[in-house]
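The values are calculated or read from the model by the stated rules, or taken from the named source; none is laboratory data. Note that the structure is a prediction, hence the values are computed from the model and not measured. Using ideal geometry, Cβ is built from the backbone for each residue, glycine included, and neighbour counts are taken over all protein chains shown. Remember, those area values only see protein heavy atoms, side chains included, never the ligands or the DNA or RNA. Shrake-Rupley method; radii C 1.70, N 1.55, O 1.52, S 1.80 Å.
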Amino acid sequence: MHVDYLILGQGLSGTWLSYYLLKAGQTCIVFDKEDPLASSRVAGGIINPVTGRRHAKVWMVDEVIGFADQAYREIGASVNETVIAAKNIVDFFPSPDTKISFEKRVAENNIYMKTYPEPEKFRDLFDYPFGWGEITPAYTVILEKLLPAWRNRLKELQILREENLDTSKLVITENYVEYGDIRAKKIIFCNGDHAAIQPWFKALPFAPNKGQILVLDIPGLPPDRIYKKNITLVPLDENGRWWAGSSYEWEFEHTGPTAEFRIKTEGNLKEWLKLPYTVTAHFAATRPATLERRPFAGIHPLYPSIGILNGMGTKGCSLAPYFANQLCRHLVYGEPITPEADVKRFTRVLSRS
């Protein structure tokens, strides 16, 4: 069997790359043995134009945020699902310093932030002694709809293989790769932090970190916004269910949930949320983050039949469609990839390895 591309992984990166390649008239086969605890499947799906306690604009946000909104609407229409929703972020200030930082950014004309004229608006729902501001536009991607719906589309097209690809059985040449009965022009690694242990990409500065979340039932909390103070509450697709998280753990003994995270998170909720809630689930996963907080996209400098789309980290919902489209257009039409994301910036280290 001859195809244009093998794609390893059907998280956000693999989903978007397969979408754009098919849209461009290319053929592909996606290898993915479904993992319900993969990072894409337990993420909150937040697209937030502002980051950190200093409220800095996210890298490339002006180019990425509008593209992402349109892209999710298009892929949703292709699978007859609504997979993105506008949900502005109510940012409750945890300290006077964060309030000052927010107001400073507003004064600097940060177009994504505004102070709100109704300081008491959420007083029946939350305790917030230092006030709040609003981040807009922001979105939630409904991953629990998107990923299964696109998986079903791949099944309908008979281009999904629900198995782990054994990279030791790959035959790599300059012009093609072979795996069993398949020959493809290229293989693209979209398999999250698993790519960090592959011989071709293990020298890249991956920095996987662990995130934990709780799933809550919170009757009565309006689901039209995202709420944030130390932790973030994101409305899920099912009415009354909320995603609560997430942690950023750079050192961890194991990848599973911990009692420490649940105790800390419930302590924060007790000090902040005035409504009763019930914990219904506790999940953990490792994110494919990078040391420089920039993704990896492009073709290996020594192996022209091997590529990568990976390292999206906490901004995967906004970055994945943008850079999947860039990589697709690079592969099909020879168009350039943003230099800060192009894996060729690591030509020296990849050549040594």
Solvent exposure of region 127-224 as accessible area per residue, Å², 1.4 Å probe: 43 Å²
Eligible lysines near Lys87 by straight Cα distance, threshold 20 Å, same-chain separation 8 or greater: Lys57, Lys114, Lys121, Lys145, Lys228, Lys229, Lys315
Cα gyration tensor category, rounded, prolate or oblate, for region 14-65 with a/c compared to 1.5: oblate
Within the accessible area of the chain (1.4 Å probe), percent carbon and sulfur: 49 percent
Where region 270-353 is the region considered: accessible area per residue in Å², 1.4 Å probe: 45 Å²
Unit charges on C-beta of K, R, D, E only; dipole of region 235-301, Debye: 180 debye
Separation in nanometres of the label points that stand 7 Å from Cα toward Cβ, at Arg54 and Asp97: 1.2 nm
Cα-based shape type of region 138-250, given that a ≥ b ≥ c are square roots of the gyration tensor eigenvalues and the cut on a/c is 1.5: oblate
Within the chain, helix-based [θ] at 222 nm, where runs of 4 or more DSSP H residues each add -39,500 (n - 2.57), nearest 500: -8500 deg cm²/dmol
Burial order of peptide ranges 217-226, 182-191 (average beta-carbon count within 10 Å, highest first): 182-191, 217-226
20 Å Cα-Cα reach of Lys344 towards aspartates and glutamates, excluding residues that sit fewer than 8 places from it in its own chain: Glu174, Asp193, Glu292, Glu335
Neighbour-limited loop hits for GluC sites (Glu not before Pro), region 141-180 (at most 13 other Cβ within 10 Å; DSSP other than H, G, I, E, B): Glu162, Glu163, Glu174
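Multiply the residue gap between Asn175 and Glu340 by 0.36 nm, knock off their C-alpha separation, and tell me the result in nm, one decimal place.
56.7 nm
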Length released on extending from Ala86 to Phe252, taking residue separation times 0.36 nm less the Cα-Cα span: 56.4 nm
